[in-house]
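Asks: Before we start, here is the structure in question, set down as structure tokens.
Bear in mind these aren't lab numbers, they're just calculated from the coordinates by the rules spelled out. Nothing here was measured: the structure is a model prediction, and the numbers come from that model.
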Amino acid sequence: MNKNIKLAVAGAVLAASATAANAGIIIPAGEWTVDIGGNVNAYYVTSRHTGSAIVGDLTSLAADTNQRTSNSITTGLLPNFLSVSGSTRQNDLDVTFLISINPGGASANPLSSGSGSEHRQAFMTFGDKSWGSVKLGKDLGIFASDAILNDMTLLGVGSGAASRNPNTTTLGRIGTGFVYADWKEQVAYTTPNFNGFQATVGLTQGWNSIGSDAAYSATSTQRAGGGSAYEGKASYSFAANDVTGKVWVSGITQKIGGVVADDSQAWGADIGANVNVANFGLTGYYYGGEGLGITAMFRDGFDNSKRARDSDGGYVQATYKLPTATKIGLAWGESNLDANASGDAGKTAAFIKSQELWTLGVYHPLTKHLNLVAEYNNARSEGNTGTHNKTENLSLGGILFF
């Protein structure tokens, strides 16, 4: 299996599902070994939406009074993947590359030629197990990456208005327990593995602070003022008898430019742990920051006066593997965004305050490569003026890795 699928499945299988392929399609090519791999997934989703509109809400989206119930066939949190990677050993260096294309699997309009396509990865690495490795290119972000890789909805659907507005992917637990690590251009260094301990530090492309509405985020149309973001993480993996697990921390900081010459500092930090004892698994995660925003990195992180808003959240997840190899899981998570006490237009408006998600999932390995998935998700959002909405969805489908 190529590095991309290993990355996705390692966390997802640990928390949510059963088996996945051990390798993709391996092709010897001279001094290179080429690996072709990926996944295909599809789900039938039926949803019920209730409540009112909340500015900045991406998880429930229950404001459409003309469409209180809806159905669709769509991809889940993971898009379809097709990745080509290669590896070689030259001049005492391990050298690799990976390029992926990520087509969606849903559309809502005729003559649309299908859904959108993403290009999430294009990077190379070089290094040696004695001193570590360097990554250059676009890949999963460093901060909050372990949060999504341990989320059991990675193999399913989670929240989002997939059944009303089919798109390339759904949200999973993004925005209801963690901020999306996203796919970023980066220069990163990863240490060797020291008996389970490993760390990564890197510079990633500086991003804009975006706002749900210009009235609430004056930085929404401004370029990132501080250049690169600084990200890092450290983890420790352990195993003893029937007990395995991982503990991690990560962080990010970046200056965000405003409409004048001043800069605002955004930052975030997190801590998480996953422990597995025999057939039981437990994951806990917490994050906090200023200017970090909610759901997407830096989204709604600043008010109309360019002042950072505080945000925090986390999730807990428990799983159990049955004798049939079927894994069942129950998880709860929440993300919160605090409007500033005075002078913040979002404080007195139906502007997003919190997003919460309960998930009950069943993940069954029909074959070594194919997993069947059933999920029930209950997403609830609250605005600063007490406005609420809710979306319940039931999804059935499968995901195939090769």
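Asks: Need the list of lysines near K327 for cross-linking: C-alpha distance under 18 angstrom, and skip anything on the same chain fewer than eight residues off.
Replies: Output for K327: K368.
Asks: Let me know the shape class of region 321-394, please: from the alpha-carbon gyration tensor, a ≥ b ≥ c as square roots of the eigenvalues, rounded when a/c is under 1.5, otherwise prolate if a/b is greater than b/c, or oblate.
Replies: prolate
Asks: Then there is this: Cross-link candidates for K138: which lysines have Cα within less than 28 Å, leaving aside residues fewer than 8 places away along the same chain?
Replies: Excluding near neighbours in sequence, the set is K3, K6, K129, K184, K233, K246, K255.
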